[in-house]
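Input: a single structure, listed below in structure tokens.
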Amino acid sequence: MHATQAYSATSATSPLAPATIPRREPTDRDIQIEILYCGVCHSDLHFARNEWGFTQYPAVPGHEIVGRVTRVGPAVTRFQVGDLAGVGCLVDADLSCPHCQKGLEQFSPTSVMTYGSMDKHLNLPTYGGYSEDIVVDEHFVLKIPSNLDLAAVAPLLCAGITTYSPLRHWKVGPGQKVGVVGLGGLGHMAVKFARAFGAEVIVFTTSPSKRDDALRLGAHQVVVSTDPAEMARHAGTFDFILDCVSADHDLNTYLGMLGVDGNLTLVGAPEKPLPVASFSLIMGRKSLSGSLIGGLAETQEMLDFCGEHGITSDIEMIRMDQINEAYERMLRSDVKYRFVIDMATLKGA
Ligand code: NAP
Ligand code: ZN
């Protein structure tokens, strides 16, 4: 075991502050990574403030991790010391259950999340990427395309795969009208991917000031969701809608935007349940579904796709000691479009 400098929350109401956490020494299959950049996901905030009800403290968030390999175990084959590497939301699973066998490690009953799970080697909680280094089984470490800006790659490890995976699963492509609800970290990646897959992309936003950005990011049209007339023009016309909203909102409104057999997939994970009227679904044989990040093979596929198409996140770099202010801005929907922490600023923070 070694000690690692980190930033943690000690209760649901305390700001994040410097802390020291334990990391295991690399096992045969492990890679140790010096963290260079870590994206700031809204899930980090939900978790730090115990909005989902399972947080144990101290809590170290961060699951959009890129860095450089500093140590490798003797059984590691795909990475060498000095390589760039990425880690997303998953750090372990049995790799033998039916879900793992299908490349859906996120649904394995033994999956271990980057933070908020148990490290089976240490029998201690897992701690996320707001830290100096992380030790991860090789299977859960991603290759980073060499042509992309490293800091802007970090958000792909969660926001990227979380939007790429459902768009692929529901076969979004040419000839389809696709809605993206909420232009935040996830939403702006959904716009980039849906556009790259050839769909007609419409953004629903509560922030009229994001209209120009939405168009620049790849949307064909922008609908300000607080304007009933704008909303009415699109009712019943969508094939697919990806809901990326982090807070309470009316799902029935968006189900009403779907055409017959349309699907609304939730990736946003608000604190409170979202009521659904049965008529919102039965009128038009509509479906409502959810999606959780993506498996390791698909995450690598997404990163490679981003390398080929020059896709990264639009980021605002922050220092580690700006994280609490960044959370407050995230709650005001004031992020363009993902904060990324320069982890060099953790030293001495
Ligand atoms: P984010 O950057 O804060 O973006 C959320 C966006 O939702 C905001 O920018 C805003 O967009 C919209 N919004 C916020 N409050 C709203 C309200 N009251 N009503 C309507 N719209 C509102 O968050 P994120 O990092 O993209 O994460 C989004 C959600 O996805 C979070 O709940 C997060 O936990 C979840 N998540 C899920 C997965 C998964 O695997 N399923 C993975 C990662 C994250 P506009 O300004 O455009 O309205
Ligand atoms: Zn996330």
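The values are calculated or read from the model by the stated rules, or taken from the named source; none is laboratory data. Small disclaimer: the values here were computed from a predicted structure and weren't measured. Because the Cβ atoms are built from the backbone with ideal geometry, glycine has one as well, and the counts that use them run over all protein chains shown.
So the values come out like this:
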read-out	value
Residue in the stretch 225-237 that is near ligand 1 (Cβ under 10 Å from one of its atoms), out of contact with any His (no Cβ under 7 Å at 6 or more places or on another chain) and under 26 Å from Asp314 (Cβ atoms) present	yes
Test set (1) in contact with a helix residue (DSSP H, G or I) (Cβ under 6 Å, 6 or more places away or on another chain); (2) surrounded by 14 or more Cβ atoms within 10 Å (Cβ to Cβ); (3) not assigned by TED's automatic domain parsing to the domain that holds Asp212 - His309 fails condition number	(2)
Considering residues of the stretch 136-178 that are more than 16 Å from ligand 1 (Cβ to nearest atom) and outside the structural domain of Asp94 (by TED's automatic domain parsing) only, the residue farthest from Gly39 (Cα to Cα)	Gly175
Hits in the stretch 122-145 (condition: in contact with a helix residue (DSSP H, G or I) (Cβ under 8 Å, 6 or more places away or on another chain) and farther than 29 Å from Gly290 by Cα)	Ser131, Glu132
Qualifying residue in the stretch 166-180 (condition: within 16 Å of ligand 2 (Cβ to nearest atom) and not in a strand (DSSP E or B))	yes
Matching residues, the stretch 316-340, being of a type in the set (A, V, I, L, M), part of a strand (DSSP E or B) and more than 16 Å from ligand 2 (Cβ to nearest atom)	Met317, Ile318
Count - residues of the stretch 187-242 that are of a type in the set (S, T, N, Q) and surrounded by 20 or more Cβ atoms within 10 Å (Cβ to Cβ)	2
